[in-house]
1. If I filter region 158-172 for residues that are in a helix (DSSP H, G or I), among the hydrophobic types (A, V, I, L, M, F, W, C) and at pLDDT below 90, do I get at least one hit?
2. Which one of HIS356, HIS350, HIS342 is within 11 Å of the ligand (Cβ to nearest atom) and in contact with a Pro (Cβ under 6 Å, 6 or more places away or on another chain)?
3. What are the pairs, 6+ residues apart or on separate chains, where a residue within region 373-386 that is touching a residue at least 60 places away in the same chain (Cβ under 8 Å) has its Cβ under 9 Å from a residue that is acidic (Asp, Glu)?
4. Testing ALA318 on (1) assigned to a loop (DSSP other than H, G, I, E, B); (2) out of contact with any Gly (no Cβ under 8 Å at 6 or more places or on another chain); (3) aliphatic (A, V, I, L, M), one condition comes back false. Which one is that?
5. When region 140-158 is examined, which residues are found to be under 18 Å from the mean Cα position of the chain (by Cα) and among the aliphatic types (A, V, I, L, M)?
6. Return yes or no: is THR149 at pLDDT 95 or above, within 16 Å of the ligand (Cβ to nearest atom) and in a helix (DSSP H, G or I)?
7. Residues to consider are ARG123, ARG138, ARG131; find the one that is of a type in the set (D, E, K, R), in contact with a Lys or Arg (Cβ under 7 Å, 6 or more places away or on another chain) and either surrounded by 14 or more Cβ atoms within 10 Å (Cβ to Cβ) or more than 21 Å from PHE105 (Cα to Cα) (or both).
8. Just give me the residues in region 206-232 being buried (at least 20 other Cβ atoms within 10 Å of the Cβ) and not in a helix (DSSP H, G or I), in sequence order.
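The values are calculated or read from the model by the stated rules, or taken from the named source; none is laboratory data. In this text, all values refer to a predicted model and were calculated from it rather than measured experimentally. With ideal geometry, Cβ positions are generated from the backbone for all residues, glycine too; neighbour counts draw on all protein chains shown.
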Amino acid sequence: MSRWPPQRTPIVRKPPALGVTLAQIECDPYKVFERLRERAPISWIDPLQMWWAVRYADVQAILAAPAWFTTSFETSTIFRTFGAHMLTEEGAEQERFKAPFRGTFAPAAVRHSFETSVRKIARGLIDGFVRHGAGELRADLASRLPVLTILSVFGLPHTAEPLLRSWYDSFERALANFTRDPAVAALAQANVVQFHELLQSHIDRVRGTGDDDLLSRLVNQSDECLSDDEIRRNASIIFFGGISTVEALILNSLYALCMHKEVMSAVRADRSLIPSVIEEVLRWLSPVQSATRHVVHDIDIGGVTLKAGDTINCMLGAANRDPAVFPEPDRFRLGRPQIRRHLAFAAGAHFCLGSHLAKLEARIALELLLDSCSGMRLDPAEAIRIEGYEFRQPRRLPMRWQIPLSA
Ligand code: HEM
């Protein structure tokens with residue numbers, strides 16, 4: 001057994017994690033993170049039957065050490081739901097799966113290929129509700145924009161939106177199926193089969209054509225070739241990765257702007273501040289709060305012993321509020337130094353493939369809302385509840401604004 005990093009404190013197996021409960025984690029994880037960061041940075045969370053790492057340095061180190069902490073674990077829910085893909089593999093196999101997608105999701109390619117189409121989709125959605133002067137922005141915009149965007153990226157018809165949404169909801173329930181309800185798992189697996197049938201029909205249609213969508217490029221490229229099955233499995237994780245996450249980023253950004261009136265005014269006066277707002281939202285209210293790893297070899301870390309096969313969640317939301325890296329971490333601060341050091345998209349080999357697309361979608365949504373919805377504010381009639389352990393966001397975001405004169 002190895003010691004990593006060097007230990008000064010006695011090693012204990014599964015120390016009590018300061019009485020952490022699921023209710024606390026769900027409602028206000030930040031108080032829990034603060035306590036654990038100070039007193040038990042690697043701690044056993046009994047209600048979840050897993051370890052947590054909450055300090056920035058530990059999270060970053062674990063994510064950079066796939067030989068010790070891996071995503072590759074055959075009983076993981078994500079593997080059982082979708083099969084092998086870039087997020088369930090490590091090393092050369094992971095890179096073989098990821099490489100063919102990198103070009104499409106690189107920053108310049110994202111701007112060049114998707115700026116116009118995402119703007120058109122967002123414009124259409126906003127035009128559908130702007131004249132009402134009020135709306136629930138999750139249902140009206142944030143939950144729909146990522147689904148329509150990802151359909152466009154793959155060259156699939158927008159008419160598939162309701163079907164994809166219902167499949168997606170079943171995948172999400174399966175990944176949060178901590179009680180292992182077999183009906184939940186079975187429905188998700190049946191929906192994966194249907195999703196793969198939809199992808200395969202498109203693959204068959206575009207094979208040999210010169211179309212320019214992602215699936216066509218993957219099917220027709222001569223090097224970095226993936227089989228149809230590999231394309232379908234990796235496409236599943238791209239679909240899965242790009243929906244709730246972006247929804248949460250848009251909602252959390254709107255919430256942060258409404259809660260910080262001085263930032264809202266600054267951004268209204270200068271739209272070039274939007275990218276910095278988005279970076280600070282990613283840190284302050286990280287849409288994805290954790291990245292799961294499985295321990296490969298027994299290891300001593302942070303004063304405790306982890307055994308091979310244990311699960312450890314790297315708490316990105318906690319790392320992003322670590323005062324060792326971000327002074328006054330609970331403050332939402334535009335222009336914070338080191339703003340891009342956040343770990344909202346993780347780190348290491350599994351760093352988010354779609355980070356630039358996510359930021360593009362959020363930027364365009366904010367730009368168009370600020371242009372269209374003058375006096376945008378939270379609806380005072382409803383208290384906003386931010387919830388969620390793995391994806392954190394308001395469940396509903398009712399807002400009001402001035403009805404445009406042209407309506
Ligand atoms: C705000 C939005 C997003 C956030 C916060 C986010 C966050 C993350 C995180 C934390 C990981 C690493 C998971 C791990 O290491 O266990 C990840 C991986 C991934 N994300 Fe995202 N994501 C977002 C948007 C997207 C979008 C739009 C797409 C697709 C278009 C996407 C596709 C992926 C894929 C395919 C991976 C796996 C990469 C690999 O294993 O190499 N994500 N994302």
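1. Yes, there is a match, as at least one residue in region 158-172 is in a helix (DSSP H, G or I), among the hydrophobic types (A, V, I, L, M, F, W, C) and at pLDDT below 90.
2. Result: HIS356 is the single residue among HIS356, HIS350, HIS342 that is within 11 Å of the ligand (Cβ to nearest atom) and in contact with a Pro (Cβ under 6 Å, 6 or more places away or on another chain).
3. ASP379/GLU136; ILE386/ASP28
4. Only one criterion in (1) assigned to a loop (DSSP other than H, G, I, E, B); (2) out of contact with any Gly (no Cβ under 8 Å at 6 or more places or on another chain); (3) aliphatic (A, V, I, L, M) is unmet by ALA318, namely (1).
5. LEU141, ALA142, LEU145, VAL147, LEU148, ILE150, LEU151, VAL153
6. Yes: the conditions hold for THR149.
7. So the residue among ARG123, ARG138, ARG131 that is of a type in the set (D, E, K, R), in contact with a Lys or Arg (Cβ under 7 Å, 6 or more places away or on another chain) and either surrounded by 14 or more Cβ atoms within 10 Å (Cβ to Cβ) or more than 21 Å from PHE105 (Cα to Cα) (or both) is ARG138.
8. Hits for region 206-232: nothing passes.
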